[in-house]
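Here's the structure we're looking at; comments come further down.
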2 protein chains.
Amino acid sequence: YSPSEVGAQPGYRVAAVLPAGGCGERMGVPTPKQFCPILERPLISYTLQALERVSWIKDIVVAVTRENMDKMEGIIQRYQHKRISLVESGVTRHRSIFNGLKALTENGSNTKPSKPEVVIIHDAVRPFVEEDVLLKVVTAAKEHGAAGAIRPLVSTVISPSADGCLDHSLERSRYKASEMPQAFLFDVIYDAYQQCSDYDLEFGTECLQLALKYCHTKAKLVEGSSDLWKVTYKQDLYAAESIIKGIISQQICIVMDTKEDKGHIGLLEEMLKNELKHINVTSRTLCHAGRDLQQIILDQCYNFVCVNVLNFDFQETQKLLKLLEDSHLSIFNPVVVVSVHFLDYNSEPFGEKMENIMQIREFSKEVKKRNILLCGLLIYYPQDKLKIQESLRQGATIIAALIKERNPGLAGQLLVA
Amino acid sequence: YSPSEVGAQPGYRVAAVLPAGGCGERMGVPTPKQFCPILERPLISYTLQALERVSWIKDIVVAVTRENMDKMEGIIQRYQHKRISLVESGVTRHRSIFNGLKALTENGSNTKPSKPEVVIIHDAVRPFVEEDVLLKVVTAAKEHGAAGAIRPLVSTVISPSADGCLDHSLERSRYKASEMPQAFLFDVIYDAYQQCSDYDLEFGTECLQLALKYCHTKAKLVEGSSDLWKVTYKQDLYAAESIIKGIISQQICIVMDTKEDKGHIGLLEEMLKNELKHINVTSRTLCHAGRDLQQIILDQCYNFVCVNVLNFDFQETQKLLKLLEDSHLSIFNPVVVVSVHFLDYNSEPFGEKMENIMQIREFSKEVKKRNILLCGLLIYYPQDKLKIQESLRQGATIIAALIKERNPGLAGQLLVA
Ligand SMILES: [Mg+2]
Ligand SMILES: [Mg+2]
């Protein structure tokens, strides 16, 4: 956001329509792409979350096929989506959008959405849309009647002749790719759809063109960022997973059971910051900061390093796990918890402590059911200062790997640095 | 490949030109995208490998900036690329291609490439090009003078008016995205570049259009697969990494030190096949199959599960590591080796064996320098048949995770199933 826009919001009612009736034939997979799982959560849920985060979007109408209605209800319930209404999709994208718009014309009651001044149309398969571009298209639509996000063309566009040869290439700089989101004065786009010919409802290219053709409304074009790209092919799903993993790995909270003995924990924190560039590492003392920690969890921190300095059991880690379970945070994305234990092989009795620590496997099984990925990390902690540094550095590398990969197959393991 | 094309090759000389002078400003990162590392290897090296695999492409000319000449020489040496010549890139893409073509007009000697009948032009940032589409564009170019791969448009293309509003949308079905590879009769494209105006060398859209404009050659258009996509943005790098990880995880070789006692190893193999669908799992007895194993390594298997049935030391794993180091396979991609050990906690003395197995950390450090990621896996092997199954299933899950993530930060760990 540019600073002037922080907190800015339109002074009129805004709703969104999300056509999600597609069948994903392009992906070459049986699941329609809006329902493909990313970290086990369907793609469309990420898109809904992106829209819900924007407080001034009052209603979100999703159009899905009759067969997927139950699945969609399940997604809304499981991921606690708010302000959503479902309508049945039509056989084409335009018919689905039209159905969504119709649902917004009915008189609003407690349960039904009411007619907005401006309506956003977005794709279920563009999960990374940001508030600033939504505000830009909405504001431009309020002024011009219609607006849409555009991007530079990545490839040259050509016109083939009937015999499959090149007729001509378009001059790339004179054209743009029309992306989503788009926004319209509700009356403009609704009017366009009401007038729309059957042919255009079947084959028409896109909403901006319908507003132009039927209402003579020339859409304002707004430059979007590359985040707006549409998940279309299998490689796009891979990219989306990496991006989501990156987003939920942006903050790590180090939790410990004491305020003293900050020496090596401070060093571990430093190493982590070094290993995970651009990541916000904070630390909290668990026993003194219950409320503080709850705020961090509420702020959607998905990564915890729980340092057990005083004890070789899991008291502290268990307290943290309890807080996490109560928060329901892990409903949305897998939470990584690394339970760190320091051990000096030479000066301490090894076997008994190891046995305690190996309990991590049982704890892990329990919390894994709730999408919490718990690992143990044993950091070798000898007297030699230089060796401590090396151990901590390796510990940070292991923590970084666990957070980056977030692989459930590794939950319950005790790693050694 | 369709069966008729297997082994088909053109009966005339073919070369390729790869413009790689771009500076990657779109990516928003300081490294030009063709040099961005994927699993630590620069993107362009994957593209070169894709072209080299095609035996009938006799010369590959790469155009790079003067500043990147040394870097490129280093990549060629390190990854043992063959049939490559370097030329200096021009200030635009077209000037770079022209420089590459010029290099092919010089008389061939032992070290210099010679003039081909058909020349392929490809992008350094499209690493997943397959032999079949290369053959198709080359064959079509031989017949029509020019040919290029096309793809359906993902977004609607629009023409903006001067005031940043929509002028009109193009009918999506009537246009295509022009992708790479393209191919030309050498004389056609060389002639086109020689006649080409300075304006077109600076701003001209693409080679197909130059062949049309200057030589009246209408390119044949060939439908390509979605693999042809161009690594343009950061999300494309993520996708490319996932695809490459997928490609090198397609085969797992289970190696063991005995032909007897196949019971639980057969079961582990079965579980692995179940865990890793579509993956080719083969097994070999190390002591009887040295040559056999060398063939598997030559066939570029990047995943080994080494089962130590008889011994609790690393004799078998060390033999495998020696074979791998001699093969230089890990120059190209990280090799994952999981050293599996079975243990019945109840009936066997625990401490001593564990100590042996913990040596894995030291071995791992050594081979990690050569891009071999070694982990240990201890599979709990009790008398109870049902529990064995559970242990083996969990072992397979862990192996699958290690192969999928291929994270160097986890090398040297001893995991427990
Ligand atoms: Mg192109
Ligand atoms: Mg579109």
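The values are calculated or read from the model by the stated rules, or taken from the named source; none is laboratory data. Only a predicted model underlies this, so the values are computations on that prediction, with no experimental measurement involved. FYI the Cβ positions are ideal-geometry reconstructions off the backbone, even for glycines, and counts take in every protein chain you see. These accessible areas exclude ligands, DNA and RNA; they are computed on the full protein's heavy atoms, side chains included. Shrake-Rupley method; radii C 1.70, N 1.55, O 1.52, S 1.80 Å.
Tell me, please, whether a residue that is acidic (D, E), in contact (Cβ under 8 Å) with a residue 24 or more places away in the chain and either more than 16 Å from ligand 1 (Cβ to nearest atom) or part of a helix (DSSP H, G or I) (or both) can be found in the range A:261-273. Within the range A:261-273, one or more residues are acidic (D, E), in contact (Cβ under 8 Å) with a residue 24 or more places away in the chain and either more than 16 Å from ligand 1 (Cβ to nearest atom) or part of a helix (DSSP H, G or I) (or both).
Residue-wise test of (1) touching a residue at least 12 places away in the same chain (Cβ under 8 Å); (2) touching a Lys or Arg at 6+ places or on another chain (Cβ under 6 Å).
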position	(1), (2)
B:V64	yes, no
B:E73	yes, no
B:Q77	no, no
B:V87	yes, no
B:I97	yes, no
B:L101	yes, no
B:K115	yes, no
B:I120	yes, no
B:V125	yes, yes
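With respect to B:D163, determine if the residue is more than 16 Å from ligand 2 (Cβ to nearest atom), within 30 Å of A:H216 (Cβ to Cβ) and open to solvent by 30 Å² or more (accessible area, probe 1.4 Å). When the stated conditions are applied, B:D163 passes them.
Among the criteria (1) outside any strand (DSSP E or B); (2) within 16 Å of ligand 2 (Cβ to nearest atom), the one A:S249 does not fulfil is (2). Within the range A:113-131, take every residue that is open to solvent by 20 Å² or more (accessible area, probe 1.4 Å) and within 26 Å of the chain's Cα centre (by Cα) and give me the one that is nearest to ligand 1 (Cβ to nearest atom). Only one residue fits best here, namely A:F128.
Residues that are at pLDDT 85 or above and within 22 Å of A:P382 (Cβ to Cβ) occur at least once in the range A:298-305.
The numbered conditions (1) within 12 Å of another protein chain (Cβ to nearest Cβ); (2) surrounded by 22 or more Cβ atoms within 10 Å (Cβ to Cβ) are all true for B:K234 except (2).
Looking at B:L293, is it of a type outside the set (D, E) and at pLDDT 75 or above? When the stated conditions are applied, B:L293 passes them. Where strands (runs of 3 or more DSSP E) fall wholly inside the range B:322-417, the ranges with 2 or more residues that are in contact with a His (Cβ under 8 Å, 6 or more places away or on another chain) are B:372-380.
Looking at this structure, is A:E241 within 8 Å of another protein chain (Cβ to nearest Cβ) and in contact with a Gly (Cβ under 6 Å, 6 or more places away or on another chain)? No. Of all the numbered requirements in (1) surrounded by fewer than 20 Cβ atoms within 10 Å (Cβ to Cβ); (2) touching a Leu at 6+ places or on another chain (Cβ under 6 Å); (3) among the hydroxyl-bearing types (S, T, Y), A:Y380 misses one, and that requirement is (2). Of note, B:P30 does not satisfy the criterion of being without any contact (Cβ under 8 Å) to a residue 24 or more places away in the chain, within 21 Å of the chain's Cα centre (by Cα), surrounded by fewer than 16 Cβ atoms within 10 Å (Cβ to Cβ) and in the same structural domain as B:R151 (by TED's automatic domain parsing). Within the range A:173-199, being within 11 Å of chain B (Cβ to nearest Cβ) and either farther than 30 Å from B:Q209 by Cβ or surrounded by 18 or more Cβ atoms within 10 Å (Cβ to Cβ) (or both) holds for A:Y175, A:K176, A:A177, A:S178, A:E179, A:M180, A:Q182. Within the range B:208-227, if we keep just the residues that are facing chain A (nearest Cβ under 10 Å) and part of a helix (DSSP H, G or I), the residue that is most open to solvent (accessible area, probe 1.4 Å) turns out to be B:K213.
Within the range A:103-115, is even one residue in a loop (DSSP other than H, G, I, E, B) and closer than 22 Å to A:K33 by Cβ? Among the residues of the range A:103-115, not one is in a loop (DSSP other than H, G, I, E, B) and closer than 22 Å to A:K33 by Cβ, which makes the answer no. The number of residues in the range B:392-413 that are closer than 14 Å to B:V340 by Cβ and at the interface with chain A (Cβ under 7 Å from one of its Cβ atoms) comes to 4. With the condition kept exactly as written, say whether any residue in the range A:166-187 is without any contact (Cβ under 8 Å) to a residue 12 or more places away in the chain, closer than 29 Å to A:F98 by Cβ and more than 16 Å from ligand 2 (Cβ to nearest atom). Yes, some residue in the range A:166-187 is without any contact (Cβ under 8 Å) to a residue 12 or more places away in the chain, closer than 29 Å to A:F98 by Cβ and more than 16 Å from ligand 2 (Cβ to nearest atom).
Checking each residue in the range B:230-267 for being at pLDDT 85 or above and either of a type in the set (A, V, I, L, M) or touching an Asp or Glu at 6+ places or on another chain (Cβ under 7 Å) (or both) picks out B:K230, B:V231, B:L237, B:A239, B:A240, B:I243, B:I244, B:I247, B:I248, B:I252, B:I254, B:V255.
Quick check, is B:L134 under 16 Å from B:C207 (Cα atoms) and surrounded by 22 or more Cβ atoms within 10 Å (Cβ to Cβ)? Criteria not met by B:L134. Screening the range B:126-158 for residues that are in a loop (DSSP other than H, G, I, E, B) and within 16 Å of ligand 2 (Cβ to nearest atom) and picking the one that is farthest from the other protein chains (Cβ to nearest Cβ) gives B:L153.
Restricting the range A:171-190 to residues that are in a helix (DSSP H, G or I) and at pLDDT below 95 leaves a set whose member that is farthest from ligand 1 (Cβ to nearest atom) is A:R174. Taking the conditions exactly as written (at positive phi, at pLDDT below 95 and either touching a helix residue (DSSP H, G or I) at 6+ places or on another chain (Cβ under 6 Å) or buried (at least 20 other Cβ atoms within 10 Å of the Cβ) (or both)), does B:G7 satisfy them or not? Considered against the rule, which asks whether it is at positive phi, at pLDDT below 95 and either touching a helix residue (DSSP H, G or I) at 6+ places or on another chain (Cβ under 6 Å) or buried (at least 20 other Cβ atoms within 10 Å of the Cβ) (or both), B:G7 comes out as no. Among the residues of the range A:368-391, is any away from chain B (no Cβ under 14 Å), of a type in the set (A, V, I, L, M) and either over 30 Å from A:Q294 (Cβ atoms) or touching a residue at least 60 places away in the same chain (Cβ under 8 Å) (or both)? Yes, the range A:368-391 contains at least one residue that is away from chain B (no Cβ under 14 Å), of a type in the set (A, V, I, L, M) and either over 30 Å from A:Q294 (Cβ atoms) or touching a residue at least 60 places away in the same chain (Cβ under 8 Å) (or both). Across the range A:138-158, which residue is nearest to ligand 1 (Cβ to nearest atom) among those that are open to solvent by 10 Å² or more (accessible area, probe 1.4 Å) and of a type outside the set (A, V, I, L, M, F, W, C)? Among them, the one singled out is A:S155. Consider B:Y233 carefully, then state whether it is over 26 Å from B:L153 (Cβ atoms), more than 16 Å from ligand 2 (Cβ to nearest atom) and assigned by TED's automatic domain parsing to the domain that holds B:V137. No; evaluated as a whole, the condition is false for this residue.
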